[in-house]
Structures are given as C-alpha cells and as structure tokens.
Amino acid sequence: MSGADEIIHQAMRLKIMAALNALTAQTAAIEFARLKTLVGATDGNLGAHLDTLAKAGYIVVEKRFEDRKPQTRVRMSPAGRRAFAEHVAYLREILDGAGS
Amino acid sequence: MTIDPSEAATSLQDIATVERRTREAVFYAGSSTIFIMWGVLVACGYGLAEIYPRSARFTWLAVIAAGCAATAVIIALRARARGAEVRDWRLIWAMLALAIYGAAWSYLLGPVVPRPMMYAFQPSLFMLGMILAGLWLGRFFVVLGLAGIALTLIGYSQAEPWLRLWMAVAQSGTLVLGGVWLHRHGVAR
C-alpha cells in the first residue's frame, strides 16, 4: 500500500486536484476564476494552495493576456495526475480495509 | 500521516462531487454553441414559415434536419480537437429520435389539428427532450426546459393572435439565452 500524499490530502488542494483531474485531456487547463467557483475558494486561499501544488510539480500555472486582460490558467502535470491517482487508490484501500 | 476510514470516505465523496461539478461545467461550455445555433435555426424556421406559409412543413423538416446534422458535426469536431472519442452517442440518438418523432407527427397532424396546438406541440416536445437530457447532464437543462414549456403553455393559452411570434421569441430566446448562460458558466478547455 502506498502512503497518503500530504500535499494533496489537504481538503482544498484535494478539491483543486479533483477538478483538474476531471478535465480528461492531458493539456486541458482551467481559468482561475472558474476553478475558484468549482472548489468554493476565495482568491487568496486558492492562490496559496495553487502555489503549494505548483512547487510540488503537480500543476502548471500559466499567466497570459487575452484581449488585454490578464488571465491565469491552471493545468495538471503528468506527475500530478499520477500522484492524484495514487492518493485516490490509497483512500480506496483504506475503505476496503475497513470493510473487510 | 494516518487517515481513518471515515476521513477517507469524506475525501472520496468530496472528490466525486467536485469531479461531477467540473464535468458538468465542461459539458455546459461545450453545449453553448449548439444551443445558440438551435436558437437561430428555430428563429429562421418561424421566419420562413411566416413568409412562405404553404411550405411551412417542409421548412420545419429542413430546419430539424439541418440542426441535427450541425449538432453531430459540432460534437464530432470538438471530440477530434480534444483527441478524444465521443464516449456515448446514446443520448444524441435519443434526441434525434425525439426530433424525428416530433417532425413526423407534425407532418402528419399538421393538416388536421388546429394551428395553435401544432405551434405548441413542437416546442414543448423539444423542451421535454431537454428536461430528460438534464436528468443526466445537469440541472440547468431541466430548469431551462421547464421554463420553455411554461412559456409555450402561456403562449398557447394567451397569445392569440400573436401566437406564432410568441413561440418564435419564447423558443429561440430560451435557446439563445440558455446558450449564453452556458457559455458564461461553463468551463471551456
């Protein structure tokens, strides 16, 4: 059994990773404002958690201008996708272990 | 770090909720073009039927055929752009079956059923399809379908002699506004 991923397991970061994981294509990205709505976070809170996940190499944060407006887009890295899958498998193993 | 079973269950539940919400938002964004296109097509259908009343039945058959073909093309192009296959065509086939069913009955009943009833039949069937699709795709479609049916019924009972105009505005307006809402609230990729 692989262990829990402490970075991912924090409640808000878990939601962020779940939202990014649901964008199935490898290159799929989501706007900061949309992500904020999906996970129910505030600007500052989301920004801080994104920094943590980016430092761990689990996500990539892209800043660019669209129609002269700054736009932040977030996508999951392959390492993040792997780590999230392993963490979810670990959570399921805990439940399976409790049930048997 | 140790996680107990109840915490694991809560985390998995949170993951499932956010993933469902995200997929719903992605679907909303993907559907917006289709909704706006249908709204414009329906408005064209009403307009052409007004200008050429004798060809109204053929006009509507053409509108429905064009709408179904364009919908299939948009879905296929989008899936190809994402490098993914369309996972489940059953819902699309179901909507197509409903559209053909409505068109066939409109064609057969058109000459014998009172006009106001025919004007109400097609939109309400279309909105029923949206409500049924909403049971799988998201609450927004259920709400939009119910609003569309309510407007259709109000028009049917109140809007003579402006019934056709009412139906045109109510149906195409519902679709276009719905499409705009989906675009604003969806997650584009």
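The values are calculated or read from the model by the stated rules, or taken from the named source; none is laboratory data. Since this is a predicted model, take the numbers as computed values, not measurements. Neighbour counts run over all protein chains shown; Cβ positions are idealised from the backbone, glycine included.
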**Request:** Filter the stretch B:103-145 down to residues that are over 14 Å from the mean Cα position of the chain (by Cα) and of a type in the set (Gly, Ala, Ser) and give me whichever is surrounded by the fewest Cβ atoms within 10 Å (Cβ to Cβ).
**Result:** B:ALA104
**Request:** Inspect the stretch A:13-34 for any residue being within 23 Å of B:ILE3 (Cβ to Cβ), without any contact (Cβ under 8 Å) to a residue 24 or more places away in the chain, in contact with a strand residue (DSSP E or B) (Cβ under 8 Å, 6 or more places away or on another chain) and not in a loop (DSSP other than H, G, I, E, B) and give the result as yes or no.
**Result:** yes
**Item:** Of all residues in the stretch A:35-47 being out of contact with any helix residue (DSSP H, G or I) (no Cβ under 7 Å at 6 or more places or on another chain) and surrounded by 13 or more Cβ atoms within 10 Å (Cβ to Cβ), the one that is modelled with the lowest pLDDT
**Value:** A:THR37
**Prompt:** Can you name the condition, by its number, that B:THR22 falls short on among (1) surrounded by fewer than 16 Cβ atoms within 10 Å (Cβ to Cβ); (2) within 25 Å of B:THR174 (Cα to Cα); (3) within 9 Å of another protein chain (Cβ to nearest Cβ)?
**Reply:** (1)
**Asked** So which residues in the stretch B:61-74 are more than 15 Å from B:LEU175 (Cβ to Cβ) and surrounded by 13 or more Cβ atoms within 10 Å (Cβ to Cβ)?
**Response** B:LEU61, B:ALA62, B:ALA65, B:ALA72
**Asked** Across the stretch B:94-120, what is the total count of residues that are closer than 17 Å to B:PRO53 by Cβ and in a helix (DSSP H, G or I)?
**Response** 8
**Request:** With the condition kept exactly as written, say whether any residue in the stretch A:53-70 is away from chain B (no Cβ under 14 Å), assigned to a helix (DSSP H, G or I), of a type outside the set (A, V, I, L, M) and surrounded by 14 or more Cβ atoms within 10 Å (Cβ to Cβ).
**Result:** no
**Item:** Residue within the stretch A:72-90 that is of a type in the set (A, V, I, L, M, F, W, C), without any contact (Cβ under 8 Å) to a residue 60 or more places away in the chain, more than 9 Å from every other protein chain (Cβ to nearest Cβ) and not in a helix (DSSP H, G or I) present
**Value:** yes
**Asked** Between a first residue in the stretch B:156-183 that is among the basic types (Lys, Arg) and a second residue that is assigned to a helix (DSSP H, G or I), which pairs have beta carbons less than 7 Å apart while being 6 or more apart in sequence or on different chains?
**Response** B:ARG164/B:TYR46; B:ARG164/B:GLU50; B:ARG164/B:TYR119
